[in-house]
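The values are calculated or read from the model by the stated rules, or taken from the named source; none is laboratory data. Predicted model only: the values in this text are computed from it and were never measured. Ideal geometry is used to build each Cβ from the backbone, glycine not excepted, and the neighbour counts take in all protein chains shown. Remember, those area values only see protein heavy atoms, side chains included, never the ligands or the DNA or RNA. Shrake-Rupley method; radii C 1.70, N 1.55, O 1.52, S 1.80 Å.
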Amino acid sequence: MARLIGRRLLLMVPTLILVSILVFALAEVLPGNLGRSILGPYATQQQVDILNHHLGADKPLYERYAVWAGHFVTGHWGASLQLGTPVFSTVMRALGNSLLLAGFALVIIVPTSILVGVYAGLRRDSLLDRAITISTLSMTVIPEFVSGVILIVVFAVTLHWLPVSAMPPQGAPFVDRFYYLILPAIPLMLLELGYIARMARVGTVQVLAMPYIRTAVLKGLPRHRVIFGHVLRNALVPTVTVIGSQVGWLIGGLVVVEFLFVYPGIGNMMINAAQFHDVPLLEACVLVVAVLYMLSNLIADIVVALLNPRIRMGG
Amino acid sequence: MADEKFAREYGHHLVEEVLNGHMTRRQLLVRASVFGLSATAIAQLLAACGSSTSSSSSPSAAASGSALPAVVTGGTMKAVIPPPLKALDPVTIYDQGGIVLVYQIAEYLIDLTNQNALKPKLAVSWAPNAKGDVWTFKLRQGVTFNDGSPFEAADVVASIERVINPKSGSGALAALAGILSPGGTKAIDTHTVQFNLDKPFADFPYLVSASSYNTAILPRNYAGNFQKKAVGTGPWMLKSFVTNQHATLVKNPTYWGKDTQGRQLPYLDQLEFALVTDTSAANLQLQSGAVDVQPQTVFQGGASVLSDASLRVDVYPSTGIRELAFNVNKTPWQDKRVRQAVAYSLDRKAINQALYGGRSNLGYDTFWEPTVFPGSPTPPARAQDYTKAKQLLSDAGHASGVDVTLTVANYLENPAFAQLIQAQCKPAGINVKINEISYNAIYAGTNTTTPWLNAPSVIVEWGSRPTPGVYAQAMLLPTSAWSSSHWNDKDFVTTFNQYESTTDEATRTTLASKLSSIQQDETPIVVAFYISQLRTQKKNVYNIQGPGSFYFDVSQAYMTK
């Protein structure tokens, strides 16, 4: 197990280097340039050229990458070219927001989805199973901006039950943040519920057909012990893998929800940085999300290994 | 003093022009403001013309300000605006979010009325010499920056010299190029500044007004750290600014401004700006009651806001346009008949209805448009006329039709405008292929490669400009920094130079007619409409001033319970 973790952590290093090179290269082919983005369309070409020279944006790509990478690995993340704020604190603040929203959403999504999926699996082919399957499948095809707008119009604009924005006013107690996160978490729940519940259902159905479950039932174990002791442990292996792969998206990919609910998360920040050619900010955002993505997958693999001794033994 | 003598003589000249029927009273109001005549002097001139001394408000301002309840002091007003696209810096701002925030904290020599006329701010008066190439500004006394330092002529000199220094990166440089050079701004004494222009320019005051938003007056020692230390003379002080989230401003307790009854301004205690990128999200903020006002409601997607009975919508006749430019160096736009054929293919009323619900003012391919620039000569209307368009095409050698490409950014209503052009040009035999690219892509590259200045034909969005001359200076001259058409008409250039060199209103009116006629006939660009701006607020919000979304003046605004 330790070897598995160590190897996976080591593999992260070349992956991150490759990602950083790719981001740098892709930022180069984006339309526009840094000086023009900062000064706007009405600045003269001479002014743009002066600023690009001042910022070093007119130097060769490899030279800029070497300078940036040298600073980055030594902890000097610099300042955002667009916002004028330190990259590290800017990214960490956005990351904190994203983690809070993702964590809040996961706390709702994971138990609900597993409960719904396992229950449907245990009642396979019943009316309830079909209702759960169809409704969760339907919810996965509703884009967040559609469900989000409907939720805002109903609960914020018409009923005034919940706030339209995901951020509380300045000075509000920290616990208020959870109240403000209820509305943005619902579209995420609608999306994720379908994926995770269906995976939990399929896992449950498959495990229920296994001989060891029949043995457990025939030897007279109570139903709840069969389900919690044998079915869930094995049925959730693929579900955990899916959850792990969704964590990265929940942290770095919530652009639509962040836009709609005016939430200052890292997904939004990445889009802005890319549009603005703000490479230091873009690189930091992408690398932080990449690390989280890989870590969440690693944690999912560890959980799967803990659930399934065959994987653990196979290293 | 020579300037005062000039102002007096100029005032008499304006009255004569009105009495002789060469000018309207509204035109007198605007021109008198350009030459720095005081409100009292203007009222006297209007009285001499036999009119009422009250100036007409825009319809919107009347709606917002009519039957105003008693002023309520204190409280917090919340507004929603787009986040500044970059770090806040008055010298280099160019977007709505940045301009609105800076406008609260820093001030300009001259501000704008709801009708786009000039009104004194940090300058109390201004006047040119007889030739029009030296302008002398008298500054307001007793004003201090919000850090306690006194406002003096040296601050004005430093602020203007700063923006015309190429290293500052200020967009004001391009607007002032060829008009004011480094070293041309002098402090005569602590409260008098003189601008020595490169050439006579009758609209110069607009170039150092709020309409030239990079010319905000900052302390002489300003070092570019506005976001951390926002020093200005304005009614508000920056309390906190969180990038892409919110900005909080508190009233400046030492602000110099008083209302007509001598009460200290601003009335409100605090301003909070929610910084929201997505227009749908911004609309929902307003409709849910999370904010009190939206300085600019975009028509596209704004239908539910505009029809919300709990909100009041003010319509401002802005001078912003969507320029449809024809690059006259590229086929088939060298021939003005092809350009005219496009102009005659357009149903401008239908376009206005489709894009703005019929709220905007129609344009007829000239900047001298009296509905938005009072006193301009009325151009001949251009109705859709396919027979004429086909004849023009045939005369130009395209009897069987012509294929053209129109480049447009995927931004605001531009793609919809392009589609309307495409549909309306087709019956005339003009086959428009739309090249839709991103907002970044259209402004990418250098002057010789960027699509907005080099595409065969292109749609470009322009915010408000205060006068036809400022528009023409920006895009219709061979020396213009932002000419997408690359039009170079010697007659127009000569006439334009004469127009900006004279202070004689009769001569200016004659020259304006000629300029308008040349521009419309040559049609280097199509100006199909002047976009009205919509400001939406709760019904307990009163007395927001300023023409349009950039100039969001809440120094005299208040909210009832």
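Give the range A:244-261 a look and list any residue that's over 27 Å from B:N283 (Cα atoms) and free of Cβ contacts under 8 Å to residues at least 40 places away in the same chain, or say none. Lay out the reasoning, then the answer.
Step one: list which residues in the range A:244-261 are over 27 Å from B:N283 (Cα atoms), which gives A:244-249.
The one that is over 27 Å from B:N283 (Cα atoms) and free of Cβ contacts under 8 Å to residues at least 40 places away in the same chain: A:W249.
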B:P547 - would you say it is buried (at least 23 other Cβ atoms within 10 Å of the Cβ) and in a loop (DSSP other than H, G, I, E, B)? yes
Between B:R337, B:R359, B:R348, which is at pLDDT 95 or above, within 30 Å of B:N114 (Cα to Cα) and not hydroxyl-bearing (S, T, Y)? B:R348
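Given the options B:P370, B:P380, name the one that is at pLDDT below 95, assigned by TED's automatic domain parsing to the domain that holds B:N440 and farther than 20 Å from B:A325 by Cβ.
Values: B:P380 fails: at pLDDT below 95.
The conditions single out B:P370.
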Pairs, first touching a residue at least 60 places away in the same chain (Cβ under 8 Å) in the range A:213-227, second aliphatic (A, V, I, L, M), C-beta under 9 Å, six or more apart: A:I227/A:V118; A:I227/A:L122
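With respect to A:G32, is the statement that it is open to solvent by 20 Å² or more (accessible area, probe 1.4 Å), modelled with pLDDT under 90 and on the phi > 0 side of the Ramachandran plot true? Quick ask: steps written out before the conclusion?
Working: open to solvent by 20 Å² or more (accessible area, probe 1.4 Å): yes; modelled with pLDDT under 90: yes; on the phi > 0 side of the Ramachandran plot: yes.
For A:G32, the condition - open to solvent by 20 Å² or more (accessible area, probe 1.4 Å), modelled with pLDDT under 90 and on the phi > 0 side of the Ramachandran plot - is met.
Per-residue answers, yes or no, for (1) farther than 23 Å from A:S113 by Cβ; (2) more than 14 Å from chain B (Cβ to nearest Cβ); (3) assigned to a helix (DSSP H, G or I):
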residue: A:G220; (1), (2), (3): yes, yes, no
residue: A:H224; (1), (2), (3): no, yes, yes
residue: A:R233; (1), (2), (3): no, yes, yes
residue: A:W249; (1), (2), (3): no, yes, yes
residue: A:F259; (1), (2), (3): yes, no, yes
residue: A:N268; (1), (2), (3): yes, no, yes
residue: A:N272; (1), (2), (3): yes, no, yes
residue: A:Q275; (1), (2), (3): yes, no, yes
residue: A:A290; (1), (2), (3): yes, yes, yes
Can you pull out the residues in the range B:172-193 that are more than 28 Å from B:T144 (Cβ to Cβ) and either buried (at least 23 other Cβ atoms within 10 Å of the Cβ) or facing another protein chain (nearest Cβ under 8 Å) (or both)? B:L173, B:A174, B:A175, B:A177
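Look through the range B:74-106, keep the residues that are β-branched (V, I, T) and part of a helix (DSSP H, G or I), and return whichever of them is farthest from the chain's Cα centre (by Cα). Steps first, answer last, please.
Residues of the range B:74-106 that are β-branched (V, I, T), as a first pass: B:76, B:80-81, B:91-93, B:99-100, B:102, B:105.
Then keep just the ones that are part of a helix (DSSP H, G or I); that gives B:99-100, B:102, B:105.
Details: B:I99: 12, B:V100: 13, B:V102: 16, B:I105: 19 Å.
Result: B:I105.
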Failed condition for B:Q300, given (1) of a type outside the set (V, I, T); (2) under 22 Å from the mean Cα position of the chain (by Cα); (3) assigned to a strand (DSSP E or B), with all others met? (3)
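What do you reckon, is A:I150 open to solvent by 40 Å² or more (accessible area, probe 1.4 Å) and within 14 Å of chain B (Cβ to nearest Cβ)?
yes
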Selection from the range B:268-327 of residues that are at positive phi and either touching a Leu at 6+ places or on another chain (Cβ under 8 Å) or at pLDDT 90 or above (or both): B:G289
Segments classed as helices (runs of 4 or more DSSP H), wholly inside the range B:348-450, with at least 3 members that are surrounded by 14 or more Cβ atoms within 10 Å (Cβ to Cβ), away from chain A (no Cβ under 14 Å) and touching a residue at least 60 places away in the same chain (Cβ under 8 Å): B:348-356, B:414-425
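Look through the range A:153-180, keep the residues that are touching a residue at least 24 places away in the same chain (Cβ under 8 Å) and touching a Pro at 6+ places or on another chain (Cβ under 8 Å), and return whichever of them is nearest to the other protein chains (Cβ to nearest Cβ).
Within the range A:153-180, the subset touching a residue at least 24 places away in the same chain (Cβ under 8 Å) is A:155-156, A:164-167, A:177-178.
Narrowing the set further to residues that are touching a Pro at 6+ places or on another chain (Cβ under 8 Å) leaves A:156, A:166-167, A:177.
Working: A:A156: 4, A:A166: 10, A:M167: 7, A:R177: 13 Å.
Here the residue is A:A156.
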Scan the range B:452-467 residue by residue and report those that are under 29 Å from B:Q419 (Cβ atoms) and more than 9 Å from every other protein chain (Cβ to nearest Cβ). B:L453, B:N454, B:A455, B:P456, B:S457, B:V458, B:I459, B:E461, B:W462, B:G463, B:S464, B:R465
Scan of the range B:241-253 for residues that are out of contact with any Phe, Trp or Tyr (no Cβ under 8 Å at 6 or more places or on another chain) and at pLDDT below 95, ordered by number: B:F241, B:V242, B:T243, B:N244, B:Q245
Evaluate the range B:121-129: report whether one residue or more is aliphatic (A, V, I, L, M), part of a helix (DSSP H, G or I), at pLDDT below 95 and not assigned by TED's automatic domain parsing to the domain that holds B:D504. no
Selection within the range A:1-17 - loosely packed, with under 15 Cβ neighbours inside 10 Å and either modelled with pLDDT under 85 or more than 30 Å from A:N308 (Cβ to Cβ) (or both): A:M1, A:A2, A:R3, A:I17
Can you name the residue in the range B:80-94 that is of a type outside the set (A, V, I, L, M) and at the interface with chain A (Cβ under 7 Å from one of its Cβ atoms) and is also surrounded by the fewest Cβ atoms within 10 Å (Cβ to Cβ) among such residues? B:Y94
If you go through the range A:15-23 one residue at a time, do you hit one that is within 14 Å of chain B (Cβ to nearest Cβ) and β-branched (V, I, T)? no
Step by step: first the residues of the range B:518-539, then only those that are of a type outside the set (D, E, K, R), open to solvent by 10 Å² or more (accessible area, probe 1.4 Å) and at pLDDT 95 or above, then the one that is nearest to B:K388 (Cα to Cα). Which residue is that? B:Q520
Residues satisfying the stated conditions in the range A:153-176, i.e. open to solvent by 40 Å² or more (accessible area, probe 1.4 Å), part of a helix (DSSP H, G or I) and of a type outside the set (D, E): A:V153, A:V154, A:F155, A:T158
In the range B:233-272, residues that are away from chain A (no Cβ under 14 Å) and of a type in the set (V, I, T) total 3
Is there a residue being open to solvent by 50 Å² or more (accessible area, probe 1.4 Å), within 19 Å of A:F259 (Cα to Cα) and either charged (D, E, K, R) or within 14 Å of chain A (Cβ to nearest Cβ) (or both) anywhere in the range B:284-302? yes
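Does the range B:456-470 include one or more residues that are over 23 Å from the mean Cα position of the chain (by Cα) and modelled with pLDDT under 90? Spell out how you get there, then give the answer.
Of the residues in the range B:456-470, the ones over 23 Å from the mean Cα position of the chain (by Cα) are B:456-457.
Next, only the ones that are modelled with pLDDT under 90 stay: none.
No, the range B:456-470 has no match at all.
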Answer from B:A158, B:A174, B:A154 - the residue that is under 22 Å from the mean Cα position of the chain (by Cα) and part of a helix (DSSP H, G or I): B:A174
Here the residues within the range B:273-283 that are open to solvent by 40 Å² or more (accessible area, probe 1.4 Å) and more than 8 Å from chain A (Cβ to nearest Cβ) are B:T279
